[in-house]
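Colleague: I'd like to ask some things about the structure below.
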Amino acid sequence: MTNRYELLTRVEGAGEVQLQIDAGRLVAVRVAMLDIPRGFDRLVRGRHFSEVPRLVSRVCAICSAAHRVAAARALEQALGVSVPPAASALRELLLLGALIESHALHLFLLVYPDMHRCDSVAELLAIAPEQVKAGLELRQLGCLIQEVAGGRAIHPPNVEVGGVVAWPDQNELEEVFKQLCHWQGRWPALQGLFTDGNAYPSSHPVEALDLMVANGQLWHDGAKWPLADYAGILQGVDVDYSHARQYRHNGSPLLAGALARARLMAGEADNGLGVFAQCAAQAREIGEAIDSSIAWFAGNYDARQLSVPVAPRAGFGVAALEAPRGTLLHAYHLAADGTVVDAEIITPTAINQLAMESHLSSDLMGEKADDGLSAWAAQIVRAFDPCISCAVHQIRS
Amino acid sequence: MNGAGKSGHDPLRVGLIKLASCSGCQLSLLAGGSALVLRLQWIELARCPLLSSAPVSPAGCFDLVLVEGAVESAADVELLQSMRKKTPFLVAVGACASGGGVLRGQGLRAVPEVVTVDAIIPGCPPSRSELVTLCGAVARGGLPAPLTGVVCLECRAQSIPCLLEAGQPCLGPVTRAGCQAACPGRRIPCEGCRGWAEEANPEEMRRLLQDCGIASALIEGRLCQFREGAHDQSL
Ligand code: SF4
Ligand code: SF4
């Protein structure tokens, strides 16, 4: 019996796949998230609520808009305020930009090199320059939307507890609209790169309980649950080989992200793509996000009302939203002076950990342990689009 | 080492190290659509697990090593020391690496506390243009001239209306220039993510924040979050 530890590449953060080999065949597989734990749940304790969005957006750069909005919403609930419609609307546009950026980064920079057996997007430039350029420009569109709506593409400072700080300039909004219209015409021809089954290795359907948040409820296993019951659905377990807490439901793996959303909302089959249906679902979501962003511009927003005053009080608030990679949940207990007593952040990658392991088993168990096995395992993990900085933000209990 | 005497046509071999971080600093270097395509033609990401699966030769040298994030363990220190031997230019990139950033007070260390750095690039995240300027300077065998001045001056140069005068708690007066006043340019107060400028007058800034109605208990947290050094500050 031998163990092989293969470092993951082309994923956000540090991690490895641990392969156990017996008589030349794979007999067991684990995924370890190895980023340095930064303890954001501890870090925000004792800090004033107004400081929290600025701090927690730093859990992860790719998901910073989602963290910032989720934190603001949870704190607003704890503090008993609702933000003006224009502020909610601008946050929605910010999240659409974040989705376009995150999916474009994943599909073109992390996944696409595998399709041409390349190590990196730099190598790929010699083979498929037009597609790579298109992917980078699409990602830039996502960055631009976040800059305009959030003030910055990474760690958007425009979102604060109580609303947003400023409404974007008209000329910047017009530029965003122009580029969105351009991409609405351009994307359908590119989407096929990621929906074509021949692009991926064969894979079994992902067997996990799909999870997403819709209208403030956790949608899971065919039923909708109040968000406040999250601890009953997302059962956290610490394992000794991974720095990230794993989540499960009554022992079963959970799946969050584009594929889970597609299966829950459209009852969509995987079209024989197995785990790689996640990439196809992301590609479709990019198109939908472009359409939704264009539709956003048809709205009427009263930019004079962007925030409400917020006074400290004791309370508890929980909010969840669909981050690009899946359900992201923030929960805070506040003391009467507005400081954080306790915080919990549950990220999609932490939720997906067990599904990654069980799916690796389902696709690879008994396979010959040759040179290709590690790359194949890495490709499967990559399809889940893990974000390890996000997953490893917690202190272990 | 292959740094100083490079021929003009070899790509710049850059190594990226991620410690306790959010990947935002790396992503800043990798921002930009077609501009990134051009950058990838003269910058070789010789060690960048985020973007490349290419194996890194243990003996290989780098023209430039960029370190993102704060230092946690003995293994981190060892990695930094071994990279130090492989490059003429090792640079701490971003607030976490330079001074702890949002991780201040969490028992981690900044990169300059454990290894000699040739420069720090401030910001959370740092600006893309500053990182590209750094790579360009190193490709020519040197380092960029350090930036001087505060964000306030960049506002004035662009005729951006002053947020402090409008009663908003902007840290422009104490914060290092170099982002072209990115946030005030969008009417959002500067959170000081580029750290304190040398000429910063924190006393004056405390008073200005008070005038904006910031409760005194919150002033230090706001003012010192992205400051380097000063680990005596009880944050
Ligand atoms: S400095 Fe900011 S952007 Fe860079 S790693 Fe730290 S938190 Fe992320
Ligand atoms: S304006 Fe301030 S907060 Fe914004 S990028 Fe510049 S230094 Fe950072």
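Colleague: Please give the Cα centre distance for the stretch A:270-290 versus the stretch B:169-197, rounded to the nearest Å.
Modeller: The stretch A:270-290 and the stretch B:169-197 have Cα centres spaced 40 Å from each other.
Colleague: List the residues of the stretch B:93-107 that lose 30 Å² or more of accessible area once all protein chains are present, compared with their chain alone (1.4 Å probe, heavy atoms only, no ligands or nucleic acids).
Modeller: Output list: B:V102, B:L103, B:Q106.
Colleague: Who wins for biggest fluctuation among B:P58, B:P169, B:P88 in a Gaussian network model of chain B, springs between alpha carbons below 10 Å?
Modeller: Comparing B:P58, B:P169, B:P88 in a Gaussian network model of chain B, the most mobile one is B:P58.
Colleague: Right, next: Probe 1.4 Å, all protein chains in place: accessible area of A:M1 in Å², nearest 10?
Modeller: Surface accessible to solvent at A:M1 totals approximately 150 Å².
Colleague: Please compute how much accessible surface disappears when A pairs with B, both sides summed, using a 1.4 Å probe, and round it to the nearest 100 Å². Intermediate results must be reported in sequence, preceding the final value.
Modeller: Values: alone 15580 and 11750 Å², together 23260 Å².
Heavy-atom accessible area buried at this interface is about 4100 Å².
Colleague: Explain nothing, just the number: dipole magnitude of the stretch B:47-196 about its Cα centre with +1 on each Lys and Arg Cβ and -1 on each Asp and Glu Cβ, in debye rounded to the nearest 20. Mind dumping the intermediate values first?
Modeller: Values: 13 positive and 11 negative charges, 46 e Å.
Here the stretch B:47-196 has a charge dipole of around 220 debye.
Colleague: Report the accessible area of A:L373, computed with a 1.4 Å probe over the heavy atoms of all protein chains in place, in Å² rounded to the nearest 10.
Modeller: Spelled out: A:L373, probe radius 1.4 Å, area about 0 Å².
Colleague: Relative to the Cα centre, what is the charge dipole magnitude of chain A, using +1 at the beta carbon of each Lys and Arg, -1 at the beta carbon of each Asp and Glu, and rounding to the nearest 20 debye?
Modeller: On the way: 31 positive and 44 negative charges, 143 e Å.
Charge dipole, chain A, about its Cα centre: 680 debye, nearest 20.
Colleague: Separate question: Give the calculated FRET efficiency between A:D238 and A:N198 to the nearest 0.05, with a Förster radius of 35 Å applied to their Cβ-Cβ distance.
Modeller: Values: r = 41 Å, r/R0 = 1.16.
After rounding to 0.05, the efficiency reads 0.30.
Colleague: If you put +1 on each Lys and Arg Cβ and -1 on each Asp and Glu Cβ, how big is the dipole of the stretch A:247-397 around its Cα centre, in Debye rounded to 20? Write down the numbers at each step before the final one.
Modeller: Details: 10 positive and 16 negative charges, 65 e Å.
With only Lys, Arg, Asp and Glu charged at Cβ, the dipole is about 320 debye.
Colleague: What angle, in degrees between 0 and 90 and rounded to the nearest 10, separates the Cα long axis of helix A:85-104 from the longest principal axis of the Cα atoms of chain A?
Modeller: Once rounded, the angle reads 20 degrees.
Colleague: Using only Cα atoms, find the angle between the long axis of helix A:371-383 and the longest principal axis of chain A, and express it within 0 to 90 degrees, rounded to the nearest 10.
Modeller: So the inclination is approximately 20 degrees.
Colleague: Whenever you get a sec, compute what percent of the accessible area on the stretch A:169-270 sits on carbon and sulfur atoms (1.4 Å probe). Spell out each step's value before the answer.
Modeller: On the way: 2480 of 4940 Å².
Answer for the stretch A:169-270 is 50 percent, counting heavy atoms of protein chains only.
Colleague: If you don't mind, there's one more thing I want to ask. Just give the residues from the stretch A:47-61 buried by at least 20 square angstrom of accessible area in the all-chains context relative to the isolated chain, probe 1.4 Å, and say none if nothing qualifies.
Modeller: So the qualifying set is A:R47, A:H48, A:E51, A:R54, A:L55, A:R58, A:A61.
Colleague: In degrees between 0 and 90, to the nearest 10, how far off the longest principal axis of chain B does helix B:74-84 point, with axes built from Cα atoms?
Modeller: For B:74-84 against chain B, the angle is about 70 degrees.
Colleague: Over chain B, what percent of the accessible surface lies on carbon and sulfur atoms, probe 1.4 Å? Provide the component values of the computation, followed by the final result.
Modeller: Details: 5150 of 9630 Å².
Looking at chain B in its full context, I get 53 percent from C and S.
Colleague: I'd like the residues of the stretch B:115-136 whose 1.4 Å-probe accessible area shrinks by no less than 50 Å² going from the isolated chain to the full set of protein chains.
Modeller: B:P125
Colleague: Can you grab the distance from the C-alpha centre of the stretch A:302-324 to the C-alpha centre of the stretch A:71-150, Å, no decimals?
Modeller: 23 Å
Colleague: Restricting the count to DSSP beta bridges whose residues both fall in the stretch A:2-391, what percent are antiparallel, rounded to a multiple of 5?
Modeller: Working: 46 of 49 bridges.
Restricted to the stretch A:2-391, the bridges split so that about 95 percent are antiparallel.
Colleague: Further, regarding this structure: Please report the carbon-and-sulfur percent of the accessible area for the stretch A:287-397; probe 1.4 Å, protein heavy atoms only, DNA, RNA and ligands left out.
Modeller: Working: 2040 of 3890 Å².
It is 53 percent, rounded to a whole number.
Colleague: Okay, moving on. Per chain A: cysteines with no other Cys C-beta under 4.7 angstrom?
Modeller: Unpaired cysteines in chain A: A:C118, A:C143, A:C181, A:C279.
Colleague: Taking 0.36 nm per residue of separation and subtracting the Cα-Cα distance, what length does fully extending B:A145 through B:Q180 add?
Modeller: Details: separation 35, 0.36 × 35 = 12.60 nm, distance 1.65 nm.
Stretched out fully, the B:A145 to B:Q180 stretch lengthens by 10.9 nm.
Colleague: Looking only at other chains, what is the average number of their beta-carbon atoms within 10 angstrom of each beta-carbon in B:27-40? Before the final figure, lay out the partial values.
Modeller: Details: counts 10, 3, 0, 5, 7, 5, 12, 4, 3, 9, 8, 0, 1, 8.
The shielding value for this peptide is 5.
Colleague: Add +1 for every Lys or Arg and -1 for every Asp or Glu among the other residues with Cβ under 12 Å from the Cβ of B:R186, and state the total.
Modeller: Details: positive: A:R152, B:R187; negative: A:E147, A:D169, A:E172.
Around B:R186, the charge tally is -1.
Colleague: How large is the accessible surface per residue of the protein assembly as shown, computed with a 1.4 Å probe and reported in Å² as a whole number? Show your work: numbers first, answer last.
Modeller: On the way: 23260 Å² over 632 residues.
It amounts to 37 Å² per residue over the protein assembly as shown.
Colleague: Turning to a different aspect of this structure: How high is the relative contact order of the stretch A:2-391, given as a whole-number percent (alpha carbon pairs under 8 Å, six or more residues apart)?
Modeller: Values: 772 pairs, mean separation 104.9, N = 390.
It rounds to 27 percent for the stretch A:2-391.
Colleague: Sticking with this one: Counting DSSP beta bridges with both partners in the stretch B:64-197, what percentage is antiparallel, nearest 5?
Modeller: If I count the DSSP bridges inside the stretch B:64-197, around 30 percent turn out antiparallel.
Colleague: Ranked by accessible surface with a 1.4 Å probe, highest first, in what order do A:K224, B:K85, B:K18 come?
Modeller: Values: A:K224 100, B:K85 155, B:K18 50 Å².
The ordering from most to least exposed comes out as B:K85, A:K224, B:K18.
Colleague: Next question, about the same structure. Would you kindly find the accessible area of A:H116, with a 1.4 Å probe and non-protein molecules such as ligands, DNA and RNA excluded, rounding to the nearest 10 Å²?
Modeller: My reading of the accessible area for A:H116 is about 70 Å².
Colleague: Can you tell me, using C-alpha contacts under 8 Å and at least 6 residues apart, the relative contact order of chain B as a whole percent?
Modeller: Details: 432 pairs, mean separation 42.7, N = 235.
Once normalised by length, the contact order is 18 percent.
The values are calculated or read from the model by the stated rules, or taken from the named source; none is laboratory data. These numbers were taken from a predicted model, which means no experiment stands behind them. Glycine gets a Cβ as well: all are built from the backbone with ideal geometry, and neighbour counts include every protein chain shown. Heads up: the accessible areas ignore ligands, DNA and RNA and are worked out on the full protein's heavy atoms, side chains in. Shrake-Rupley method; radii C 1.70, N 1.55, O 1.52, S 1.80 Å.
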